[in-house]
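> Structure incoming, see below.
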Amino acid sequence: MKKLLVILTTATIAVSANAQVFLGGSLGFNYQTSNSVKNPAAEAVGSGSTTKSNTTKLTFTPTIGYDINDKWSVGLDLNLIWNKNIGETAQSGALESIKNTAETFGWGIRPFVRYTIFKIKKFGLDAKLDGGFSNNREISNARKNSVTINYLKYGVLLSPILTFDINEHFSLESALGIAGIGWEGYKNTAENYSDYDSMTENDFIFGLNNQTVISFGCIYKF
């Protein structure tokens, strides 16, 4: 028993000696614009509809983590989310189009594990696996009617991260969501719209359909 305690104590001291706490944060931005025609055949004879929309999304992610060794680290991300969608639907033959504005605020918690794939001088490539949940609140306005929708999102994401070491304490990094792969589900409910039906959906995330295509950040190791 004494030998086991000595071994465990020695292992704990060894891990602690190699471990390193780090703090950081990243900023992500994504902009999308789209034009779509519902029933193109009907549009050709003047009875279809055309929808235009653009979406701007901004995320800020403070991070705290712990380097177990020179390959593995674990930590926690806090995601702060804001996005705005502006859309307009024009019905063929209608006197005016329908305009809609939706603004979303949210926060999320995502534990993660990271693995350093390779390091060449100051440059490196990590693989990051994170998962968790977020709570988003969307306020939508169409024809002067306001609807508030709450989204509970959850899922996992595996994505590559490029790193560049300024010195032994300070590093820059970029998470490439465009090359990420994962899964996300969500459930939404409306607060002040009795005719709104709650929905639960599951989506496969790969590359360009990731909501944060790329983010830039920094890490400080103590």
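The values are calculated or read from the model by the stated rules, or taken from the named source; none is laboratory data. Source: prediction; values computed, not measured. Because the Cβ atoms are built from the backbone with ideal geometry, glycine has one as well, and the counts that use them run over all protein chains shown. In case anyone asks, the SASA skips ligands and DNA or RNA and just uses the protein heavy atoms, side chains included. Shrake-Rupley method; radii C 1.70, N 1.55, O 1.52, S 1.80 Å.
> Give me the residue from the range 44-67 that is open to solvent by 60 Å² or more (accessible area, probe 1.4 Å) and not hydroxyl-bearing (Ser, Thr, Tyr) and, out of that set, modelled with the lowest pLDDT. I'd like the intermediate steps shown before the answer.
If we filter the range 44-67 for residues that are open to solvent by 60 Å² or more (accessible area, probe 1.4 Å), which is where we start, we get 44-45, 47, 52, 58, 60, 64, 66.
This time we only want the ones that are not hydroxyl-bearing (Ser, Thr, Tyr), so: 44-45, 52, 58, 60, 64.
Values: ALA44: 46, VAL45: 43, LYS52: 80, LEU58: 89, PHE60: 93, ILE64: 95.
Among those residues, the one meeting the criterion is VAL45.
> Do any residues in the range 174-193 that are more than 14 Å from LEU125 (Cα to Cα) and acidic (Asp, Glu) have Cβ atoms under 9 Å from those of residues that are modelled with pLDDT under 75 and not in a strand (DSSP E or B), where the two are at least six apart or on different chains, and which pairs are they?
Cβ pairs passing all conditions: GLU184/GLN211.
For (1) hydroxyl-bearing (Ser, Thr, Tyr); (2) closer than 21 Å to LYS71 by Cβ, each residue gets a yes or a no:
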site: ASN141; (1), (2): no, no
site: SER146; (1), (2): yes, no
site: ILE149; (1), (2): no, no
site: SER159; (1), (2): yes, yes
site: ASN167; (1), (2): no, yes
site: LEU176; (1), (2): no, yes
site: GLY180; (1), (2): no, yes
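> Moving on to the next point. Please verify whether the range 155-166 includes one or more residues that are closer than 30 Å to THR51 by Cα, touching a residue at least 24 places away in the same chain (Cβ under 8 Å) and open to solvent by 40 Å² or more (accessible area, probe 1.4 Å).
Within the range 155-166 (the criterion being closer than 30 Å to THR51 by Cα, touching a residue at least 24 places away in the same chain (Cβ under 8 Å) and open to solvent by 40 Å² or more (accessible area, probe 1.4 Å)), the answer is no, since none of the residues qualifies.
> Please go through (1) in contact with a Ser or Thr (Cβ under 6 Å, 6 or more places away or on another chain); (2) open to solvent by 40 Å² or more (accessible area, probe 1.4 Å); (3) among the small types (Gly, Ala, Ser) for GLY106 and return the number of the only condition it doesn't satisfy.
Single failed check for GLY106: (2).
> Okay, moving on. Could you say which residue among THR189, THR163 is at pLDDT 90 or above and hydroxyl-bearing (Ser, Thr, Tyr)?
Details: THR189 fails: at pLDDT 90 or above.
None of the others qualify; the one that does is THR163.
> Does the range 12-25 contain at least one residue that is under 20 Å from SER174 (Cα atoms), modelled with pLDDT under 90 and in a strand (DSSP E or B)?
no
> In addition: Among the numbered criteria (1) open to solvent by less than 80 Å² (accessible area, probe 1.4 Å); (2) modelled with pLDDT of 80 or more; (3) under 19 Å from the mean Cα position of the chain (by Cα), which one does GLU201 miss?
Of (1) open to solvent by less than 80 Å² (accessible area, probe 1.4 Å); (2) modelled with pLDDT of 80 or more; (3) under 19 Å from the mean Cα position of the chain (by Cα), only one is false for GLU201: (2).
> Same structure again: Looking only at residues in the range 109-143 that are loosely packed, with under 13 Cβ neighbours inside 10 Å and charged (D, E, K, R), which one is farthest from TRP72 (Cα to Cα)?
Among them, the one singled out is ARG143.
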